[in-house]
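The values are calculated or read from the model by the stated rules, or taken from the named source; none is laboratory data. Just so it is clear, the model here is predicted, and its values are computed rather than measured. Reconstructed Cβ throughout: ideal geometry from the backbone, glycine too, with neighbour counts over all protein chains shown. Calculation scope for accessible area: heavy atoms of the full protein, side chains included, ligands and nucleic acids excluded. Shrake-Rupley method; radii C 1.70, N 1.55, O 1.52, S 1.80 Å.
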Amino acid sequence: MNFLIEAFKPACSISIKFSDGKTRKRVPIKRENGQTLLAPLFRNQENIAGKITIEPHQGKRIEHNGVKVELLGQIEMYLDRGNFYDFTSLVRELDVPGDIYERTTYPFEFSMVEMPYETYNGVNVRLRYVLKVTVSRNYGGSIIEYLNFLVHNYSPPPSINTSIKMEVGIEDCLHIEFEYNKSKYHLKDVIIGKIFFFLVKIKIKNMDIEIRRRESTVTGATNHVETETLAKFELMDGAPVRGESIPVRLFLSPYELTPTHRNINNKFSVKYYLNLVLVDEEGLRYFKQQQITIYRLPLQDT
Amino acid sequence: MNYLVGAFKLPCNIFISFADGRIRKQVPLKKENGKTVMVALFQSQESIVGEVVIEPVHRKKVEHNGVKIVLLGQIELYFDRGNFYDFTSLVRELDIPGELYERKTYPFEFSTVEMLYESYNGVNVRLRYILKVTISRDYVSNIVEYQEFVVHNYTPPPSINNSIKMEVGIEDCLHIEFEYSKSKYHLKDVIIGKIYFLLVRIKLKNMELEIRRRESTGSGPNTHVETETFAKFELMDGASVRGESIPIRLFLSPYELTPTYQNINNKFSVKYYLNLVLVDEEDRRYFKQQEITMYRLLETS
């Protein structure tokens, strides 16, 4: 039985290491099986350099048609699972056809790699960056090893960041004015604001503020939208009276947010909304949704 | 008959232009049909920015499944002609599925693109960079437009550049010493040197210096080597005597040389040699080949 297992094992083990692997920051990444592992973090225009070690098992000889490493930027749609769309593909040939008898190390380098999009793991879409090492073989099937890494891109604080102020309501029934201090927030920011009641003629039971993520994916001519509620924060419990002002102070750091992604390679978009919800005693929900922009500040991964 | 011609014509025209196209340096590029066209010149780590204009013909409506532009770095080997090996592929989606009714312009940008290897057109191998615009369509074939551009990469002058000095010959017959001022030359350089005759016991008719390019493609047992002689420069006509010193001064600028390429993506190499050839009166050729390194200096205009 042991022989059978051996027969299906790859003839060698491949390990991929980054040259600054010990000092480079690592961030958690969720695997498809639900496990979380730490992956190295890069940003756009960084050099990606390292070493690939190929070690044949138990003195086996590996005949091959060449060894190469590819840096791939890929988008995978849930509806088209397993089919990756490569928006970036850079190749380095590491070895010419031949034989590997012993542990062999190949250095590699991709200079100032353009990685314009952030790594993203959504409901219906996934954007990932991988290093893919291929030992090409004729009959035994190629031996392939993948190493995922993350890309985060940073934005400076916006020069213009106007507040959001709006008066909404139902005529002769409910009039409120809400105000949020900014329209653009970084991932570790605080949403500060207030809700002012001008007119209250319905019995309100409670009021919540929600952070909602709206992920829209394009497959062919069809547009699929998925909305998730990432945070539900109770602002008020009980009935308000006219003239009352309810403060808002919502910290974003506890939630797993991403920056706003606008039309990523014409494949998907990710937008964030603040949803103010008022519930009356009959369970009716009155809400007003307001789009906000989320961005990643430098040094926000530390 | 005109209807038939019209049926096979593409429903739209695609134009690709670079943002700095008017001021960017253009260099000649030899097409497969033998014609020479002028194309834009870039270097590694430059941003490639421009716009794609799609113009439907005769106000025709063009239904499509998306428009994209791809920046490709490709190697094509002669024995595998038409099959391109992509070592760089960067994609920008320009438009989602829909319809085009009128002239539409799409801007594009590829930032600080790593273009490690130079464009090269050899005997058995070609390395090229192209922008490829594709209008995807369902039932009819996709509309594709290519725009080739050239990449040159520049090297600073080497810090160490030893001269080449060697004594060669046939025992008790011919002894010469040759010296070239450098071992590394830029494309517009001058080879300066001398040949000194230590012993001459054969009747020499003439002596010449050749520049040879050795292009090797493939690997292992499938390596194919092609050698071309680029320049033949006569150094001496007539017999030489012992103690004579023949000067060398060979300008490289008239020749279409490229830098030396060492193992480009494990696909090919290009090396240059100086070949000193002595011919005796019986037309026997005595030669000594010496490898030199060519590099491209940044031209300061």
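If we scan the range A:263-277, do we find a residue that is in the same structural domain as A:LYS194 (by the TED database), loosely packed, with under 12 Cβ neighbours inside 10 Å and not aliphatic (A, V, I, L, M)? No, every residue in the range A:263-277 fails to be in the same structural domain as A:LYS194 (by the TED database), loosely packed, with under 12 Cβ neighbours inside 10 Å and not aliphatic (A, V, I, L, M). The residue that is most open to solvent (accessible area, probe 1.4 Å), counting only those in the range B:122-143 that are of a type outside the set (Asp, Glu) and either more than 31 Å from the chain's Cα centre (by Cα) or at pLDDT below 85 (or both), is B:TYR139. In summary, strands (runs of 3 or more DSSP E) completely within the range B:203-277 and bearing 1 or more residues that are touching an Asp or Glu at 6+ places or on another chain (Cβ under 9 Å) and more than 14 Å from chain A (Cβ to nearest Cβ) occur at B:204-217, B:224-237, B:245-251. When the residues of the range A:100-113 are filtered to those that are crowded, with 17+ Cβ neighbours inside 10 Å and facing another protein chain (nearest Cβ under 9 Å), the one that is farthest from A:ASN65 (Cα to Cα) is A:VAL113.
When restricted to residues that are closer than 15 Å to A:ARG24 by Cβ and not β-branched (Val, Ile, Thr), the range A:39-86 contains 10.
When residues in the range B:112-121 are screened for being at pLDDT 90 or above and either within 14 Å of chain A (Cβ to nearest Cβ) or part of a loop (DSSP other than H, G, I, E, B) (or both), 5 of them pass.
Just wondering, is there one or more residues in the range B:236-253 that are under 24 Å from B:VAL125 (Cα atoms), free of Cβ contacts under 8 Å to residues at least 24 places away in the same chain and among the polar types (S, T, N, Q)? No, every residue in the range B:236-253 fails to be under 24 Å from B:VAL125 (Cα atoms), free of Cβ contacts under 8 Å to residues at least 24 places away in the same chain and among the polar types (S, T, N, Q).
Okay, residues lined up against (1) within 30 Å of A:GLY66 (Cβ to Cβ); (2) surrounded by fewer than 17 Cβ atoms within 10 Å (Cβ to Cβ):
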position	(1), (2)
A:ILE143	yes, no
A:ASN148	yes, yes
A:SER155	no, yes
A:CYS173	no, yes
A:LEU187	no, no
A:GLY193	no, no
A:PHE196	no, yes
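On the stretch given as the range B:185-219, residues that are open to solvent by 10 Å² or more (accessible area, probe 1.4 Å) and among the hydrophobic types (A, V, I, L, M, F, W, C) total 7.
Considering only the range A:249-298, state which residues are more than 19 Å from A:ASP237 (Cβ to Cβ), free of Cβ contacts under 8 Å to residues at least 60 places away in the same chain and in a loop (DSSP other than H, G, I, E, B). Hits for the range A:249-298 are A:PRO254, A:TYR255, A:GLU256, A:THR260, A:ASN266.
From the list B:GLY82, B:GLY122, the one residue that fits, being among the small types (Gly, Ala, Ser) and out of contact with any strand residue (DSSP E or B) (no Cβ under 7 Å at 6 or more places or on another chain), is B:GLY82.
Check whether at least one residue in the range A:68-91 is within 9 Å of another protein chain (Cβ to nearest Cβ) and modelled with pLDDT under 90, and report yes or no. Checked against the condition, which is being within 9 Å of another protein chain (Cβ to nearest Cβ) and modelled with pLDDT under 90, the range A:68-91 yields at least one hit. Within the range B:213-249, the set of residues being polar (S, T, N, Q) and modelled with pLDDT of 80 or more comprises B:SER216, B:THR217, B:THR223, B:THR227, B:THR229, B:SER245. For the range A:255-272, the count of residues that are within 31 Å of the chain's Cα centre (by Cα), modelled with pLDDT under 85 and more than 14 Å from chain B (Cβ to nearest Cβ) is nonzero.
Which residue, of A:PRO116, A:PRO97, is touching a helix residue (DSSP H, G or I) at 6+ places or on another chain (Cβ under 9 Å) and at the interface with chain B (Cβ under 9 Å from one of its Cβ atoms)? When all the criteria are applied, what remains is A:PRO97.
Residues in the range A:51-72 that are in contact (Cβ under 8 Å) with a residue 60 or more places away in the chain and part of a strand (DSSP E or B): A:ILE52, A:ILE54, A:ILE62, A:GLU63, A:HIS64, A:VAL67, A:LYS68, A:VAL69, A:GLU70, A:LEU71, A:LEU72.
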